[in-house]
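Inspection log for the structure reproduced underneath, given as structure tokens.
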Amino acid sequence: LPSMQTSGSKPCPCPSFKLREVASMYFTMIAVFLVILVVALQGSVPRRSDFPYKVPLDPQGLLELSWNVSYPEQAVHFQLLVRDLQFGLLFGMSDRGEFENADLAVLWSDGHNSYFGDAWSDAKGQLHMDLQQDYQLLGARRAPEGLYLLFRRAFSTCDPKDYLIEDGTVHLIYGILEKPVHSLQAINISAIHRGLQRVQLLKPNITVPELPSDMKTMEITAPDVVIPSQETTYWCYMAELPDGFPKHHIIMYEPVITAGNEALVHHMEVFQCAAEFDTFPHYNGPCDSKMKPDRLNYCRHVLAAWAMGAQAFYYPEEAGLAFGGPGSSRYLRLEVHYHNPLVLKGRHDSSGIRLYYTATLRRYDAGIMELGLVYTPVMAIPPGEDAFILTGYCTDKCTRLALPAAGIHIFASQLHTHLAGRKVVTVLSRDGRERQVVNADGHYSPHFQEIRMLKEVVAVFPGDELITTCTYNTEDRSQATVGGFGILEEMCVNYVHYYPQTQLELCKSAVDPGYLHRYFNLVNRFNDEEVCMCPQVSVPQQFFSIPWNTFNRDVLKSLYGFAPISMHCNKSSAIRFPGEWEKQPLPVTTERLREPVPRCPPAPGARPATPVPLNLGQLRRD
């Protein structure tokens, strides 16, 4: 330590600085600080090339959303392109696409000044500025194609007014402000042009496997379809593999969308037809047309499925989906769902799916297995239910008999219900203890179904159980909804994609029919109603005759929770594996998985609940 200067000693030779030098040093330090700050800010704002996922929000393509997912940060970065900015917009998320009780980022302008803020809507649709500003604006810039808005949102904010971003479907909502507004509260959401788009925001972070040098491609596309001028169309087109096409492995596929139709092509699937028929008629037309040949209903084996917002689908490098060769049909059916809410006329489309395949077969054939409930009317949902639960089982007895000792590996999954489905989850259980969620969608929509790659491969061994639970809403229905193939009937299915392929193609259950008949007898006696138990009266008719009071509902729920089940442990030929499969006991779960606790991000410090002013210039007045 330097000694203190004492009286009489020489002063230390300290340099003397002129005012100009002090000022120069000061401004140099400020400049260095600004450079560091700019670099830090650039590090937090993703480049345009950093947004791998993209989807049009509106049918005209005026709003285009791109995004990326940061699992280390537990956050989503959004880039919103507004091609025709008027006086602002709303963008956000809600449970099922409603504008009430929604979590919103809002850009608005009075024609001179523009503002951005995090807001929420109440049960009446009134907008409020959020006390916790969790949509973080990262930048705004104009370009020839429109205005780009960049903002960030954590998966979980622990703000009760915010939407929790989780795995599965997310209902995105948007609104366009066509007139100037002087405050957030002045926005009337019922009077603006608005809509919704469904996406899977949290895409899995999967390494793309190396593709073989002998890879070939095949495009299954409908030739020059004139999209019908109606809101919803399912278009069917029959394609054919070359004669004598040998066995190949499909190793990836991706969508082929006709330019300009990105907002109209909602989802697509390629099905392989049943090998039991030598030929299938050619067809190119609406799937619900009376002109469609009935034999096309035997083309149900899914080869590829794509939905809006999805990227290319890759098989694991050790497996591929077999098609072609002996015992495989040459006929394929392409199904394209067009969503045309503006009823546009004369739009031509040749969209479809591009298959990538190889003759160098990989180590394993991939397989597809159906889990859940059998398509049968014995599983029913009473009318007026907001969240009625049905569960289908793949039991330990079936997996012990049908799976190899080394087990199978599930790498992708497609959940499926009809119109009343609201949630679907499949859980792996071992020795009565739930071990792992295979796939879950808490905001499931029957209008958005895709094959989703899992974040991690799920290993299933002999003796494991796969339990699939579906939640239904029938508040808009006046009679029971029974299980079946019709669109107003219901299903509960998880098509899991796995390797190595086994003989087990279907592992599903339904309540024992004898116990259901006891239920009909009980409610008939209790309610003193005429529910005919004659053999000629069908199960649906008996369900439709029930007066749905609280007692009848509760007893049916209880029945499904304790009655024995009929197990379908089926080979691809639809024949069950040998064994006793009727009146099987329900699997007993002794330990359930804990509900995940949302991780709250660190508090960003005091951020006032005020909008961020933006310099966008004077916006147009039409």
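The values are calculated or read from the model by the stated rules, or taken from the named source; none is laboratory data. Bear in mind the structure is a predicted one, so any value in this text is a computation, not a measurement. Note that we place each Cβ from the backbone using ideal geometry, even for glycine, and neighbour counts take in every protein chain shown. Each accessible area value is taken on the protein alone, full model and side chains, heavy atoms only, with ligands, DNA and RNA left out. Shrake-Rupley method; radii C 1.70, N 1.55, O 1.52, S 1.80 Å.
Return the residues of segment 537-557 that are assigned to a helix (DSSP H, G or I) and open to solvent by less than 40 Å² (accessible area, probe 1.4 Å); say none if nothing qualifies.
Of everything in segment 537-557, those that are assigned to a helix (DSSP H, G or I) and open to solvent by less than 40 Å² (accessible area, probe 1.4 Å) turn out to be VAL539, PRO540, GLN542, PHE543, ASN552, VAL555, LEU556.
GLU210 passes all but one of (1) surrounded by 13 or more Cβ atoms within 10 Å (Cβ to Cβ); (2) out of contact with any Ser or Thr (no Cβ under 7 Å at 6 or more places or on another chain); (3) closer than 28 Å to LYS455 by Cα; which number fails?
Unmet for GLU210, out of (1) surrounded by 13 or more Cβ atoms within 10 Å (Cβ to Cβ); (2) out of contact with any Ser or Thr (no Cβ under 7 Å at 6 or more places or on another chain); (3) closer than 28 Å to LYS455 by Cα: (1).
Of the residues SER121, SER114, which is within 13 Å of LEU184 (Cβ to Cβ), surrounded by 17 or more Cβ atoms within 10 Å (Cβ to Cβ) and modelled with pLDDT under 95?
Of SER121, SER114, the one residue that is within 13 Å of LEU184 (Cβ to Cβ), surrounded by 17 or more Cβ atoms within 10 Å (Cβ to Cβ) and modelled with pLDDT under 95 is SER114.
Cβ-Cβ distance below 7 Å, separation of 6 or more or different chains: which pairs start in segment 343-365 with a residue that is modelled with pLDDT of 95 or more and end on one that is basic (Lys, Arg) and surrounded by fewer than 14 Cβ atoms within 10 Å (Cβ to Cβ)?
Listed pairs, sorted by first residue: TYR357/LYS216.
Let me confirm something: among LEU137, LEU131, which residue is assigned to a loop (DSSP other than H, G, I, E, B), aliphatic (A, V, I, L, M) and in contact (Cβ under 8 Å) with a residue 40 or more places away in the chain?
LEU131
Taking segment 78-93, which residues are under 21 Å from the mean Cα position of the chain (by Cα) and open to solvent by 10 Å² or more (accessible area, probe 1.4 Å)?
Within segment 78-93, GLN79 is the sole residue that qualifies.
Can you name the number of the only condition in (1) outside the structural domain of ASN68 (by the TED database); (2) more than 22 Å from LEU342 (Cβ to Cβ) that LEU184 fails?
(1)
Does VAL170 fit the bill of being closer than 30 Å to CYS299 by Cβ and either in contact with a strand residue (DSSP E or B) (Cβ under 9 Å, 6 or more places away or on another chain) or among the basic types (Lys, Arg) (or both)?
Spelling it out, it is not the case that VAL170 is closer than 30 Å to CYS299 by Cβ and either in contact with a strand residue (DSSP E or B) (Cβ under 9 Å, 6 or more places away or on another chain) or among the basic types (Lys, Arg) (or both).
Quick grid of which residues meet (1) assigned to a loop (DSSP other than H, G, I, E, B); (2) on the phi < 0 side of the Ramachandran plot; (3) more than 28 Å from the chain's Cα centre (by Cα); (4) free of Cβ contacts under 8 Å to residues at least 60 places away in the same chain:
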residue: TYR148; (1), (2), (3), (4): no, yes, no, no
residue: ARG152; (1), (2), (3), (4): no, yes, no, no
residue: LEU172; (1), (2), (3), (4): no, yes, no, no
residue: LYS179; (1), (2), (3), (4): yes, yes, yes, no
residue: LEU196; (1), (2), (3), (4): no, yes, no, no
residue: PRO209; (1), (2), (3), (4): yes, yes, no, no
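Of the conditions (1) modelled with pLDDT of 95 or more; (2) in contact with a helix residue (DSSP H, G or I) (Cβ under 9 Å, 6 or more places away or on another chain), VAL531 clears all except one; give me its number.
(1)
What number of residues within segment 488-510 are open to solvent by less than 10 Å² (accessible area, probe 1.4 Å) and farther than 18 Å from HIS418 by Cβ?
6
Keeping to segment 544-558, report how many residues are more than 22 Å from THR391 (Cβ to Cβ) and touching a residue at least 40 places away in the same chain (Cβ under 8 Å).
Residues meeting the conditions: 1.
Determine which single condition ALA263 fails, assuming it passes every other condition in (1) modelled with pLDDT of 90 or more; (2) surrounded by 20 or more Cβ atoms within 10 Å (Cβ to Cβ).
For ALA263, the failing item is (1).
If HIS447 passes every condition in (1) closer than 26 Å to LYS203 by Cβ; (2) in a strand (DSSP E or B) but one, which one does it miss?
The failed condition is (2).
Would you mention how many residues in segment 213-227 are assigned to a loop (DSSP other than H, G, I, E, B) and either under 26 Å from the mean Cα position of the chain (by Cα) or not charged (D, E, K, R) (or both)?
Within segment 213-227, residues that are assigned to a loop (DSSP other than H, G, I, E, B) and either under 26 Å from the mean Cα position of the chain (by Cα) or not charged (D, E, K, R) (or both) number 5.
Using the structure shown, decide if ARG525 is surrounded by fewer than 18 Cβ atoms within 10 Å (Cβ to Cβ) and out of contact with any Cys (no Cβ under 8 Å at 6 or more places or on another chain).
Taking the combined requirement at face value, the residue satisfies it.
Restricting attention to strands (runs of 3 or more DSSP E) lying wholly within segment 283-395, give those where 2 or more residues are on the phi < 0 side of the Ramachandran plot and open to solvent by 10 Å² or more (accessible area, probe 1.4 Å).
Here the list reads 284-286, 299-307, 331-339, 352-358, 367-373, 388-394.
Return yes or no: is VAL458 open to solvent by less than 20 Å² (accessible area, probe 1.4 Å) and in contact (Cβ under 8 Å) with a residue 40 or more places away in the chain?
yes
So which of SER566, SER478 is outside any loop (DSSP other than H, G, I, E, B) and under 35 Å from the mean Cα position of the chain (by Cα)?
So the residue among SER566, SER478 that is outside any loop (DSSP other than H, G, I, E, B) and under 35 Å from the mean Cα position of the chain (by Cα) is SER566.
Six or more apart or on different chains, Cβ atoms under 6 Å: show the pairs whose first residue is in segment 422-448 and modelled with pLDDT of 95 or more and whose second is of a type in the set (Gly, Ala, Ser) and not in a strand (DSSP E or B).
LYS423/GLY442; ASP441/GLY168; GLY442/GLY168; HIS443/GLY168
Output the residue which, of all residues in segment 558-576 that are exposed (fewer than 15 other Cβ atoms within 10 Å of the Cβ) and of a type outside the set (Lys, Arg), is modelled with the lowest pLDDT.
SER573
If you scan segment 149-160, which residues turn out to be modelled with pLDDT of 95 or more and open to solvent by 20 Å² or more (accessible area, probe 1.4 Å)?
The answer is ARG152, and nothing else.
Report, ordered by the first and then the second residue, all pairs with beta carbons closer than 8 Å, sequence separation of six or more or different chains, a first member in segment 282-293 that is in the same structural domain as GLN272 (by the TED database) and farther than 18 Å from TYR338 by Cα, and a second member that is among the hydrophobic types (A, V, I, L, M, F, W, C) and assigned to a loop (DSSP other than H, G, I, E, B).
Taking only residues 6 or more apart or on different chains, the pairs are PRO293/PHE280.
Go through segment 228-253 residue by residue and tally those that are surrounded by 13 or more Cβ atoms within 10 Å (Cβ to Cβ) and part of a loop (DSSP other than H, G, I, E, B).
5
May I ask you to list the residues in segment 577-595 that are part of a loop (DSSP other than H, G, I, E, B) and surrounded by 11 or more Cβ atoms within 10 Å (Cβ to Cβ)?
Scanning segment 577-595 gives PHE577, GLY579, TRP581, GLU582, LYS583, PRO585, LEU586, PRO587, THR589, LEU593.
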